[in-house]
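Reading through the structure tokens given below for one structure.
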Amino acid sequence: SGESGAGKTESTKLLLQHIMNLCKGNSQLEQQILQVNPLLEAFGNAQTVMNDNSSRFGKYIQLRFQKNTVRGAKLSEYLLEKSRVVQQDTGERNFHIFYYMFAGLSSEEKEMYGLLDPSLYRYISGRFGAQDVAQRWKQKYQEVCNALDMVGFQEQEQVDMQAILAGVLSLGNVTFEPEERNGSVKVSEASQGWLKAAAVNVLSQLVCCVLCSPWSPSVSCCSLCADARDSIAKVAYGRVFGWIVCKINELLAENVDPEVELSEIGILDIFGFENFAVNRFEQLCINLANEQLQHFFNHHIFQMEQAAYKEEELPWETITFNNNEPILNLLLAKPLGLLSLLDEQSAFPQATDKTFVDKLNSSFKGKSHFQPGRGRVLGFSVIHYAGKVQYTAGGFLEKNRDTLPANVRGLFINSITPLLSLLFTGKSLYSLRLAALWLFLCPHQHSLMILMERMYSANPHFVRCIKPNGLKEPGVVDSQVVLLQLRYNGLLETIRIRRDGFSWRPSFEEFAER
């Protein structure tokens, strides 16, 4: 754990390399485990104002051992920030893979996918990069292609996947205008070319059947079509990412007798605490995950430890720590926690982000960890364990609903592109799991619940990553930035309990042997 940019993903890669080295890792499986990282980072990481290679999803890597030899591995992904596909704030970028494609594809391949100059695409904010950056992206694209081959993606699957990604980019440039005669909405004349480009890349049916169909007069507006367009782009990208993870798991699955008992080491690498100039629904989900991990840390390091001393009647002066349970109650309590109120508002068709904020202000009046928004921006503040974060409430309800027009799934299933059909067919175990998450439960909360169940069932070791400065510069240590992290992470109290407590716990057999 640690702040965004503190080095969690890099530490995870080093830890994996270390474990493989201890296993005398020369086997093909061990090398494959190390080599899937470029693929995950290309599709799941992006540049933010805090980190040029920020993980925009959480991953839990389970390594399974038999007699100190790795026999298999499994990767679980959590909370992919799909909204990044359609919107990025100032100083941020979309997922790396889009830029790698522009830099790495040949002119002929770009023509095949209908890709034009990158400055034209709204979903990447019309920004690309300098020549030296583009050259680095070109090398990264080749690494991605090598990883795809290594994992076992067929050539046609790779073509289909890149066609979907190119289609997503073209889809983002489709705009709408009202039809004067009957009050419905049509694709604007200016974006007919982008509609054709999306058609080349297999998303045309969706655009035509969903976005261009007449709306009832009460909902006749271009913004509804734009929302539907963005929903299609987000869900298509999310399914591609999930499919990649499933293919990786097929490659890394253990091939042993089911009766054989395997031991396991799990490594959790999840996005760090974030506090930007503008904080949205995604930052709330990320910071909630970090609140839960901080509580998990407190539970094991302070509560369980000191309870054991008390149970054994050891002389011990209780060490107090910054308990973040009240913040979790504010966010997770039922029926009046922040997320419960968000779900309640999301269920009402007439509810808006403003009615949600009004509900928060009335429900949490006087709560020490909540502050109403100030000024003209619709929002609120939460006093997290790591500090105060001001959230902009615009888009909270729409993102929490995570909805897709009802007729879209059938169109995806009947797509002429085999991969797009596969990603949405009911025969896929992966899509069944996603359907359960997306149709019956709020996906963000459910995903976190599964993650925390895994954490509490394990015997944990904690790696705390400390960010040396806020400038994204190597070799610079800002002592105030470091001290702040040591304080809010509870590391000063941890040092004390380790110093004064009982850090070595031999079994009776070990003690007698010695």
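The values are calculated or read from the model by the stated rules, or taken from the named source; none is laboratory data. Source: prediction; values computed, not measured. Every residue, glycine among them, receives a Cβ derived from its backbone with ideal geometry; neighbour counts consider all protein chains shown. Accessible surface areas use protein heavy atoms only, side chains included; no ligands, DNA or RNA. Shrake-Rupley method; radii C 1.70, N 1.55, O 1.52, S 1.80 Å.
Observations on the model:
- One residue stands out in the stretch 358-392 among those that are hydroxyl-bearing (S, T, Y) and assigned to a strand (DSSP E or B): the one that is surrounded by the most Cβ atoms within 10 Å (Cβ to Cβ), namely Y391.
- Cβ separations smaller than 6 Å between residues 6+ apart or across chains give the following pairs from the stretch 311-326 residues that are farther than 30 Å from V382 by Cβ to residues that are open to solvent by less than 100 Å² (accessible area, probe 1.4 Å): W316/Y309.
- Qualifying residues in the stretch 231-243 (those that are of a type outside the set (V, I, T) and under 14 Å from the mean Cα position of the chain (by Cα)) - the one surrounded by the most Cβ atoms within 10 Å (Cβ to Cβ): Y237
- Some residue of the stretch 93-101 being out of contact with any helix residue (DSSP H, G or I) (no Cβ under 9 Å at 6 or more places or on another chain) and among the polar types (S, T, N, Q): no
- Residue count, the stretch 115-147 (criterion: at pLDDT 95 or above and of a type in the set (A, V, I, L, M, F, W, C)): 3
- Lone unmet requirement of (1) free of Cβ contacts under 8 Å to residues at least 60 places away in the same chain; (2) surrounded by fewer than 21 Cβ atoms within 10 Å (Cβ to Cβ) for I265: (1)
- Helices (runs of 4 or more DSSP H) contained in the stretch 1-47 and holding at least 3 residues hydroxyl-bearing (S, T, Y): 8-22
- Sole exception among (1) at pLDDT below 90; (2) under 31 Å from the mean Cα position of the chain (by Cα); (3) assigned to a loop (DSSP other than H, G, I, E, B) for C225, by number: (3)
The rows are residues; the columns are (1) closer than 16 Å to K234 by Cβ; (2) open to solvent by 10 Å² or more (accessible area, probe 1.4 Å).
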site	(1), (2)
A46	yes, no
N51	no, yes
V86	yes, yes
T90	no, yes
S106	no, yes
G114	no, yes
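- Selection within the stretch 478-514 - surrounded by 12 or more Cβ atoms within 10 Å (Cβ to Cβ) and not in a helix (DSSP H, G or I): D478, N489, G490, G501, F502
- Meets criteria (closer than 27 Å to H446 by Cβ and surrounded by fewer than 21 Cβ atoms within 10 Å (Cβ to Cβ)) for G272: no
- Looking only at the stretch 146-199, residues that are outside any helix (DSSP H, G or I) and either in contact with a strand residue (DSSP E or B) (Cβ under 8 Å, 6 or more places away or on another chain) or open to solvent by 40 Å² or more (accessible area, probe 1.4 Å) (or both) come to 15 in all.
- When A253, A289, A333 are screened for being small (G, A, S), open to solvent by 30 Å² or more (accessible area, probe 1.4 Å) and out of contact with any Gly (no Cβ under 6 Å at 6 or more places or on another chain), only A333 passes.
- Flag set for M455, criterion: touching a residue at least 24 places away in the same chain (Cβ under 8 Å) and not in a loop (DSSP other than H, G, I, E, B).
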